[in-house]
1. Which is the longest part of the chain that has none of the GluC sites (Glu not before Pro) sitting in a DSSP loop with at most 14 other Cβ atoms within 10 Å?
2. Note the full-extension length gain between residue 103 and residue 224 as 0.36 nm times their separation in residues minus their Cα-Cα distance, in nm to one decimal.
3. In Å, the Kirkwood hydrodynamic radius of the stretch 70-178 over pairs of distinct alpha carbons?
4. Sort out for me the Cα centre separation of the stretch 264-307 from the stretch 98-159, rounded to whole Å.
5. Please compute the length gained on full extension between residue 113 and residue 297, using 0.36 nm multiplied by the number of residues separating them and subtracting their Cα-Cα distance.
6. What value, in deg cm²/dmol to 500, does the helix sum -39500 (n - 2.57) over DSSP H runs of n ≥ 4 give at 222 nm once divided by the residues of the chain?
7. For the stretch 141-222, just run the numbers: alpha carbon Rg, then divide by 2.2 N^0.38 Å, N being how many residues it has.
8. I'd like the Karplus ³J(HN,Hα) series for the stretch 93-108: coefficients 6.51, -1.76, 1.60, θ = phi - 60°, whole numbers in Hz, and an x wherever there's a Gly or Pro.
Amino acid sequence: MSEAVHAEVYQEIVEEWRRVRLLIEPRLRAAAKDASEAGLVEVSEYILRGGKRFRGFLTVLVAEALGAAPEQALDAAVAIEMVHSASLAIDDIIDKDQVRRGLPVAWMVHGIEKTVLASLLMIPVAQSMVERYGVKALGRVIRAWERTVRGEIIDYLLASRLGPQRYVELVDLKTGSLFQLAAALGALAAGRDDMLPSLEAYGLALGRVYQIADDAADYHAYMEGRRRKLDPSERLFEKWATTVLGASPGMPAVEAALRYVARQAREAGNALRGLPDGRRKRVLQAIPWFMVEKLLEESNLQLPQET
C-alpha cells in the first residue's frame, strides 16, 4: 500500500478503536460489579482497568463487518476482555510481576487471595454472558480458556525443555487462542457461522503476529543490554529463530522473526477475502500491521511492509 493510503487506513483504525472502546468501557465497569461478591468489587474493577481492549475491539469490528449492529456483539466483547484480564492477573502472580498497564499489579494492591478469587469468578461470568450466542460460542469460550491455561502451564513449567519447533505451538496456545476466540465471537454475534473457518484463521494469525513480534522486541532489548535476562519462552524464541528459521543469534534472528511476522500478517489479511468490501474490512486487514508497528516503535524496529 502507498504511504498515503497507509496513513489513511491507520487513522481509520484509531477512529474505530476509539469508538468501540467508548462502547465497551461502561459495559465492562458494570460487568465488574456483577462479577463480584461482597468485598471483591474493588479488586475486580482494578483487574479490569486500563488495557488496549484489542480483543473486544476485534469482536465488535468483525460483527459489524458482517452486517451486525455493534450492540449485538458487546456482551461477547466484554466477556473476552474479562477472560483476558483474568488471565493477566493470574499470570502476574505466577511470574511475580509488579507492574501492569503502568500501575502496580492487582496482587500487590489487593493481595493474592482476593486477586485469584476475583479472577476465577470472572471466567464463569464471562461464559454466562456468551450463552446468548448459542452453544458454539460457549464451547469456544471454554476451549479458548483451556488452551490459554495450557499455554501458561507449558510456558511456566516446560518451556526450557521444549524443542524449537514447539515455539509457534506455544504462541498459539498463550496468545492465539484469545485472538481466535475474539474473531469467532464476532462472527457468531452476527449470525454468520459460515465465516468461522476464515475468521478463526485470521484470529490465530493475528495472535502469532502479536506474540512473536513482542518476543522479538524483548529479545532485541536483551541483545542491546536493555534487559537483564531472557525468560524461558524468549529463549525458546531464540532457538526457533536460529534453528527453524535458520538465522544467526542476535539481530539476524530478530530480522528473520519479523519476516515471518510479516508473512503471518499477509495471511491474516488473505483470510478476510470473504468479508464484504468496505471500511471495516479494510481496517481488519490493516490491524496486524498496525498492532505490530505500535509494539515495535519503542525498540526502533520495523516490520517489512507488504509488496
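1. 38-223
2. Extra length from residue 103 to residue 224 when fully extended: 41.0 nm.
3. 15.0
4. The stretch 264-307 and the stretch 98-159 have Cα centres spaced 27 Å from each other.
5. 62.6 nm
6. Helices in the chain give a 222 nm mean residue ellipticity of -23500 deg cm²/dmol.
7. 1.19
8. 5, 4, 8, 6, 5, 10, 10, 9, 6, x, 10, x, 5, 4, 5, 6
The numbers here are math on the coordinates, done by the rules we state, and not lab data. Bear in mind the structure is a predicted one, so any value in this text is a computation, not a measurement. Cβ atoms come from the backbone with ideal geometry, glycine included; neighbour counts cover every protein chain shown.
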